[in-house]
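Below is one structure; the comments refer to it alone.
Nothing in this text is a laboratory measurement; each read-out follows from the coordinates by a stated rule. Computed from a predicted model, the values in this text were never measured in an experiment. Heads up, the Cβs are rebuilt from the backbone with ideal geometry, glycines too, and the neighbour counts pull from every protein chain shown.
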Amino acid sequence: MKIKKYQGETEEQVIEMAKEELGNDAIVLSIKKITPTGIFSIIKKPYIELTASYDENKVKIEEKSKNFFVDMKTKMSSNNLEDKLKEKENTIEKLEKRISELEGYLEKAMKSLSLEKDSNKIKYKNQLVQFIYEMLISKGVHTSVCDDILEGIDKEENQNIDLIVKVVYNKIVKILENSACKELAVESKNNSNEAKCVVFLGTTGVGKTTTIAKLSSDIIINNGKKVGFITSDTYRIAAVDQLKTYAEILGSQVEVVYSAEDVKEKIDKLKLINDYIFFDTAGRSHKNQKNMNEIKELLKEIDNPEVYLVISSTNNFEDVENIINTYSKFSEFNIIFTKIDETDTVGTILNIAYKTNNKIAYVTVGQNVPSDIERFSGEKIAKVLLGSMYK
Ligand SMILES: Nc1nc2c(ncn2[C@@H]2O[C@H](COP(=O)(O)OP(=O)(O)O)[C@@H](O)[C@H]2O)c(=O)[nH]1
Ligand SMILES: [Mg+2]
C-alpha cells in the first residue's frame, strides 16, 4: 500500500481529487484543516489536507485502462477515423469508376467482335438472297454449291421475292433432276429369261433390308412380278430372319450365301422362277479394306447386276462423299437415300447431286413397310431446302 496526500480549499475538493486519481478503492486515512505557521502563514492560506492509502497495482491498471479508453475515445472521435473512412470511400469510388470503364471496353470489344462475325456471315448485298443463302447452309448445302446457285441473282435492286425464290428453286430442281435415275425396270428379264439381280450395298444399319422389303412389296403387289431373295448378311444376329419374315409375307424364297463361292449356285436356284433376285448384303464399313474386298468378290460372281448404294441421309456430307468414293472404286451404282424423315440437312443430297455423277433412285421416308419409300423427286427436296416440310 502507498500513502498520498491531497491539498485543497474544501473537503469535497480533496475527496474528488483523491477519487479521481486513486479510484474508489483508495482509503481515506484523514482529512485535516491545516493552518500554516511562521513565514508560510504570510504566503499561504489555511487549507484542507487529505491523506489516503491506495493499492499501487490497482491504480496502475486503472490508469492503463483509463488510458486505453481515452485512446479509443480520441481515436473514435478524432479526425483520424473520418479520414480513414473518407480514404476508403475514395478507394471504392475509384474502383467503381475503373470497373465501369472496363465494362465499357468489354462491351466495345464484344460489339466489334460480333460485328466482325456478322460481316463475315454477310455474303450477299440483297437481304433476301442472304436469307436464302443462310437457309441453304443451315440445311447442309455446301458453300460452293450455294455460291453456284445464288450467283448472278445478288442484285440489290432485285427485290422481287417471288422472282428470286422461283429462280433459286428452279436452279436447285435442275441440279437434283439431273441426278434422278429412272425407276427400277419393271420389264426385268433378259433374253435368256433369267431374273435380274439387284444388289443392295451400304454401311451398317442404313436401312438396306427394310428398303428391300419396301421395294419388293411394290413390285410383287403392284406389278405382279416375282422376287426371290438372297442374303449374305450372316454377321448380324437375326438379319436372315428379318429378311425371311418379309419373304414369308410376300410368298418369296430366301437363300443364304456364306461366301462368294456360294453366290452362283444360289442365283441359279432362283433365276428361272423369279423376275428379280434382290440381293441383301451385310452392312460394311467403307473404311475397312477387307470388308470392301469381300463385297468386290461377291459382285464378281453376279452377271450384270443392278447395284444400289443405300445411304442414310442422316450422315454428314463428308462421310457420304467418302462412302460414295470408296464404293465407286469397284462398282457402278445408283443411290437410295434413306431416313429423310430423320434429318434436317437434306442439303447433303443436293451436294451429292451437284458433285458426283451417280444417279439417285429412291428416298425412304420412314420405317413403315411397304409405304415409306418414294421415287426420288428433285422438286420435293428443293421445297425442303427452301423451308417447307417433306411431303
Ligand atoms: N426413320 C426411318 N427409319 C428407317 C428407314 N429405313 C429403315 N429404317 C430403320 O433403320 C433400322 C435399320 O434398318 P435395316 O433395314 O435393318 O438396316 P440394314 O442394316 O441396312 O439392313 C431399322 O430400325 C429400320 O426400321 C427410314 O426411311 N426412316
Ligand atoms: Mg440388313
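Would you order Arg284, Arg375 from fewest to most other beta-carbon atoms within 10 Å of each residue's own beta-carbon?
The order, fewest Cβ neighbours first, is Arg375, Arg284.
Could you list Leu250, Leu176 in order of exposure, starting from the residue whose Cβ has the fewest other Cβ atoms within 10 Å?
Leu250, Leu176
Using θ = phi - 60° and the Karplus form 6.51 cos²θ - 1.76 cosθ + 1.60, what ³J(HN,Hα) does each residue of region 319-324 get, whole Hz, x for Gly and Pro?
Per residue, the Karplus-derived 3J(HN,Hα) values read 5, 4, 4, 5, 4, 4 Hz.
Between Asp303 and Met1, what length comes free when the chain is fully extended (0.36 nm per residue of separation minus the Cα-Cα distance, one decimal in nm)?
Full extension of this stretch gives 95.6 nm more.
What order do you get for Cys146, Cys197, Cys181 when you list them from fewest to most C-beta neighbours inside 10 Å?
Cys181, Cys146, Cys197
Could you check the spin-label model distance between Lys58 and Asp344? Points 7 Å from the Cα along Cα→Cβ, value in nm.
Each label point lies 7 Å from its Cα, and together they span 8.9 nm.
For Ser371 and Tyr235, what does the FRET efficiency come to when R0 = 41 Å and r is the distance between their Cβ atoms, rounded to the nearest 0.05?
Computed FRET efficiency for Ser371 and Tyr235: 0.90.
Decide, for region 196-385, between rounded, prolate and oblate: order the square roots of the alpha carbon gyration tensor eigenvalues as a ≥ b ≥ c, take rounded if a/c falls under 1.5, and otherwise choose prolate if a/b is larger than b/c, else oblate.
Oblate, since a/c reaches 1.5 and b/c is not below a/b.
Need the full-extension length gain, Lys123 to Glu177, defined as separation in residues times 0.36 nm minus the C-alpha distance. One decimal, nm.
So the chain would gain 16.7 nm between Lys123 and Glu177.
Which residues' amide hydrogens lie under 5 Å from the amide hydrogen of Val141, considering only partners 5 or more residues apart or on another chain, with H built in the peptide plane?
Gly347
Can you work out the Karplus-derived ³J(HN,Hα) for every residue in region 327-342? Use 6.51 cos²θ - 1.76 cosθ + 1.60 with θ = phi - 60°, whole Hz, and x for glycine or proline.
So the J values, rounded to whole Hz, are 5, 4, 5, 10, 7, 8, 6, 9, 10, 10, 8, 9, 6, 4, 5, 9.
Which ³J(HN,Hα) values in Hz, rounded to whole numbers, follow from the phi angles of region 124-136 under the Karplus curve 6.51 cos²θ - 1.76 cosθ + 1.60, where θ = phi - 60° and Gly and Pro get x?
10, 5, 6, 4, 5, 5, 4, 4, 5, 4, 5, 5, 4
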